[in-house]
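Novice: Provided herewith is a single structure, encoded as structure tokens, for subsequent inquiry.
The values are calculated or read from the model by the stated rules, or taken from the named source; none is laboratory data. Keep in mind that what you see is a predicted model, and the values were worked out from it rather than measured. Positions of Cβ are generated from backbone atoms using ideal geometry, with glycine treated the same way; all protein chains shown enter the neighbour counts.
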């Protein structure tokens, strides 16, 4: 299926690894002109080389910390006009509620929520004026099923759902859409390290650690496996495309059936 993304201009925040990198790859392979952000020039260069090796449209990069106002301003200065904004940047950690400091709450909110708010505020008006655009927040199943050991993270993921739904109301009657995508546990270097830190035996084979995780921490998962980042990348590329023009204000679950509700 041709997603009709040729020459669309896309920005993917936090695109140097994991889900962000695979979203950028999927968009590039569909012909979009993609720019990714990252805080490290080396990681940015490595990610760009990795994506470009796949043979899609060449990807560009901007070194910036979009969790800050200064970083967001640097990105919008380097890329003043876009068609597709993927608010993917995010951090997470496991921490008992009583140990989550004010600084922890503020930092995770700045990174996971305000980064997307600032860029959406910058780019949405021109999308509405041109009568075409896509804004997608990469949320999480934790926004619906908040983990007791990651309450501050879950809060930010729920906030993204509310922001995306609210912004979609501003697009009424236009060809601009705002949606959120909710991945479940998705394989990446950082997630593998996280699973090892939670495992009964951190030195065990990773397939054993993953099985333990789904048995003990995520028993409601239907697929009972880690999601591959490419699976999320392909889903997001579709939602970003003209093919998904009737999907607006939606929270699209790609979490392997982990959330045990029908709505």
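Novice: Which ones in the range 22-49 are part of a loop (DSSP other than H, G, I, E, B) and in contact with a strand residue (DSSP E or B) (Cβ under 8 Å, 6 or more places away or on another chain)?
Specialist: Initially, the range 22-49 is screened for residues part of a loop (DSSP other than H, G, I, E, B), giving 30-32, 39-40.
Passing the criteria: 32, 39, 40.
Novice: Here is a follow-up. In the list 8, 43, which residue meets the criterion of being surrounded by 14 or more Cβ atoms within 10 Å (Cβ to Cβ) and more than 23 Å from residue 176 (Cβ to Cβ)? Steps first, please.
Specialist: On the way: 8 fails: more than 23 Å from residue 176 (Cβ to Cβ).
Checking each option against the conditions leaves just 43.
Novice: Could you count how many residues in the range 50-93 are in a loop (DSSP other than H, G, I, E, B) and within 27 Å of residue 141 (Cα to Cα)? Don't jump to the end; show me each part of the working.
Specialist: Residues of the range 50-93 in a loop (DSSP other than H, G, I, E, B): 53-59, 64-68, 79-83, 88-93.
So of that shortlist, the ones also within 27 Å of residue 141 (Cα to Cα) come out as 65-68, 83, 88-93.
Here the count works out to 11.
Novice: Ok, one more. Can you tell me which residue among 171, 177 is at pLDDT 95 or above and assigned to a strand (DSSP E or B)?
Specialist: On the way: 171 fails: assigned to a strand (DSSP E or B).
Result: 177 is the single residue among 171, 177 that is at pLDDT 95 or above and assigned to a strand (DSSP E or B).
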